[in-house]
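**Student:** Below are the structure tokens for one structure; questions will follow.
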Amino acid sequence: MRFRIVIAAVLAAGLAPVSPAAAQEASLFISVLDDLPLMPGFVEDTEGATVFDTAQGRIVEAFATGAQAEDRVLAFYDETLPQLGWRRVSSGVFRREGETLSLEFTLRPGLRPGSAPVLTVGFRLMPSGG
């Protein structure tokens, strides 16, 4: 079921269609947040992830990089996350079941002269605290 929702979100966001076989081969979810989709065209930095369990709830930080514009990333998650139970609170901030997910962006120049800039998305999950 989760797989179908992500495919529908990708298509609704106007991104290139993904065949079910290709989507299944690709890692479509953040490794440390198995129900948080990874936007197509982004690569997760699996070495940079951090996970803590606290008395108040879990704290998770993960990163992914790609060559998409920030507004397209926001549009993707604005479309996809509500289908997974997240409620949009503000731009790049979502809440679900006592947790807050925030997306933070860092834009860096491309690796070679003339190459596209690289966007890093930081996914931060924290207990909502209220």
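The values are calculated or read from the model by the stated rules, or taken from the named source; none is laboratory data. From a predicted model like this one, the values you see are computed outputs, not experimental measurements. When we count neighbours, we look across all protein chains shown, and the Cβ atoms used for this are built from the backbone with ideal geometry, even at glycine.
**Student:** Filter the stretch 46-79 for residues that are loosely packed, with under 15 Cβ neighbours inside 10 Å and closer than 19 Å to T106 by Cα and give the result.
**Tutor:** Answer for the stretch 46-79, where residues must be loosely packed, with under 15 Cβ neighbours inside 10 Å and closer than 19 Å to T106 by Cα: T46, E47, G48, T50, A67, A69, D71.
**Student:** Which fully enclosed strands (runs of 3 or more DSSP E) of the stretch 46-94 have 3 or more residues being of a type in the set (V, I, T)?
**Tutor:** So the answer is 50-54, 57-66.
**Student:** Please go through the stretch 55-87 and pick out each residue that is within 13 Å of L33 (Cα to Cα) and acidic (D, E).
**Tutor:** Once the filter is applied, which keeps residues that are within 13 Å of L33 (Cα to Cα) and acidic (D, E), the stretch 55-87 yields only E61.
**Student:** Related question: Restrict the check to the stretch 16-28 and report whether at least one residue is under 13 Å from the mean Cα position of the chain (by Cα), at pLDDT 85 or above and not in a helix (DSSP H, G or I).
**Tutor:** Yes, some residue in the stretch 16-28 is under 13 Å from the mean Cα position of the chain (by Cα), at pLDDT 85 or above and not in a helix (DSSP H, G or I).
**Student:** Turning to a different aspect of this structure: Which members of the stretch 86-100 meet the condition of being surrounded by fewer than 16 Cβ atoms within 10 Å (Cβ to Cβ) and at positive phi?
**Tutor:** The answer is E97, G98.
**Student:** What is the number of the single condition among (1) at pLDDT below 95; (2) outside any strand (DSSP E or B); (3) over 12 Å from the mean Cα position of the chain (by Cα) that G41 does not meet?
**Tutor:** (3)
**Student:** Hey, among T46, T106, which residue is at pLDDT 95 or above, polar (S, T, N, Q) and at negative phi?
**Tutor:** So the residue among T46, T106 that is at pLDDT 95 or above, polar (S, T, N, Q) and at negative phi is T106.
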